[in-house]
Structures are given as structure tokens and as C-alpha cells.
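Here is the structure we will look at, set down as C-alpha cells.
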Amino acid sequence: MVLWYQLKNSDSSGRFIIHTILNGGVEEQIRYLSVRAGVSFPSQDAAGAFVVVGQELDDKYETAPAPLVLLDEWEFTGLSVDTFWDKVTDAVVLHDAKPIYFDTQDEANLLAFQDYCNRKKLNIDYLNAPFADNFFTGLSTANDWWSEGRLILDKTSQVRNQLKSITRADLKESPETKFPLVNALRHVLSGFRKYPPSKPLKLGMPMGMKEGWML
């Protein structure tokens, strides 16, 4: 668990995903419209990584969508694929993140993930990451949204440091391998870009009645 987001539990039994966090030792609840994850597979050349990103529910119907917020991250340098997926699926379940995005065209890692889920009897929603074969597209989205305030990365996060350090020259040297956390981030951001969450419709109500949301 990262230091900047102390998550105790999540609940999606209602219309939204509700996280209960500790903020300065005090419990606080945050409602999310969507929480999703991105995964970069471990290999002989690269560390594995995942990130979890959420979009809070903004009650102000007329405003632009709330920014995406980095909720969790992790970089794996071990040798056990099961250990990697243990950590990823723990975070996915804790945050109630769905779906997770990764490169499903990587057949060996896809089969390893499916085998893991079968053995552990887990039902994890996943999708192929949009533009998975184009690192620059996802990197551009990350940089643009970050500079525009549409993506919030904690100042202590590793993915923020990786994103800041990438140069044009790095794009010629297998950036997916060199920057695994950014690789995971670009997968989930591409998912939000292609499949943005839909905000519930707000019904007009007679004067004196409490406003409400309807899906």
C-alpha cells in the first residue's frame, strides 16, 4: 500500500465505488465513478508493474469530468509470476478496480494470468489495452492529461518520477521495458480515453425535494 492513499476497504454494492480511507488518522469516504488498473508484464528484460487509477464522482453536473487520480502503484523485480499476480489481484480486489488493462496479444503472459486465476478461483475482469503496440500514444496522453490537471500523480509516486524522466531518445530504446510503471499507466489511461465512464443522469426534481442521481 502506498503512503499517500491509506485505503481500508471498498464497497460497490450500490451505484458507485466507495472507498473508506484514513486521512490524517480520520476515516473518510470517497465515491468513485470508475476505478481501473493497468498492468505491465514482468519479463527477463523488465520489471513487472501495475497502477490503479480512479475518477471521483463529481456532483456538479455542469462541470467537466473530475480528474483521474493515481491510487496505487507497485513495481515487481522478483522471479515468481504467481507472486506478481498475488500482489496485483490483492490490489484489484481491495480497490474494486475493474477492468484491468494489459496487452492481451502477449500470449505467454495472458495464459499465465488465466492459469493463475483458474487455480486461485478468481474472476478478474480484464481487457486488451487500447493502442498497446504504440507506446508514444499512451505516453502523450499521460503527459497531456498531467499538464492539463486531468491526471493527478502524488509527488512521492514512482510513476511520476518515471514519467518526468522520459526523453525523446528513450523512445528508441524499448521504453516499455525501461519504464514499466509508465507502461502500466499508459495502458489504463488509454482505457479511460477510449472507454470513458458515463456519469449517471441527474433528474430534475420539484422545488424543496432533495436532488438525486439515477443510473
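Bear in mind these aren't lab numbers, they're just calculated from the coordinates by the rules spelled out. Remember, predicted model here, so these are calculated numbers, not experimental data. As a convention, Cβ positions derive from the backbone with ideal geometry for all residues, glycine included, and neighbour counts pool all protein chains shown.
Taking 20 Å as the limit for the C-alpha separation, the pairs K8/K87; K98/K121; K87/K120; K98/K120; K172/K194 exceed it in the case of K172/K194. Taking every alpha-carbon pair under 8 Å whose residues sit at least 6 apart, region 6-194 reaches a relative contact order of 24 percent.
A simple rule links phi to the HN-Hα coupling: the Karplus curve 6.51 cos²θ - 1.76 cosθ + 1.60 with θ = phi - 60°, which for region 133-150 gives 8, 10, 4, 4, 4, x, 4, 4, 4, 4, 5, 5, 5, 5, 5, 8, x, 8 Hz, with x for Gly and Pro.
Computed over region 1-95, relative contact order equals 23 percent, with contacts defined as Cα pairs under 8 Å that lie 6+ residues apart. Which whole-angstrom value gives the distance between the alpha carbon centres of region 156-197 and region 1-74? Taking the Cα centre of region 1-74 as reference, the centre of region 156-197 is 17 Å away. Across region 115-122, coupling constants 3J(HN,Hα) worked out from phi with the 6.51/-1.76/1.60 Karplus curve, θ = phi - 60°, read 5, 4, 4, 5, 5, 8, 6, 10 Hz, and Gly and Pro carry x. Look at the alpha carbon pairs under 8 Å that are at least 6 residues apart: their mean separation over the length of region 92-200 gives a relative contact order of 31 percent.
Descending by average beta-carbon neighbour count within 10 Å, the peptides 166-173, 64-71 line up as 64-71, 166-173, the highest first.
Placing one equal scatterer on every Cα of region 26-120 and applying the Debye formula, the log10 ratio I(q)/I(0) at q = 0.18, 0.21 Å⁻¹ is -0.85, -1.05. Under the combined filter of DSSP loop state and at most 14 neighbouring Cβ atoms within 10 Å, region 11-40 retains these trypsin sites (Lys or Arg not before Pro): R15. The Cα atoms of region 77-150 define a convex hull whose projected area, averaged across directions, is 6.2 nm².
The Stokes-Einstein estimate for the chain, based on a Kirkwood radius over Cα pairs and taken at 37 °C with 0.692 mPa s viscosity, is a diffusion coefficient of 181 µm²/s.
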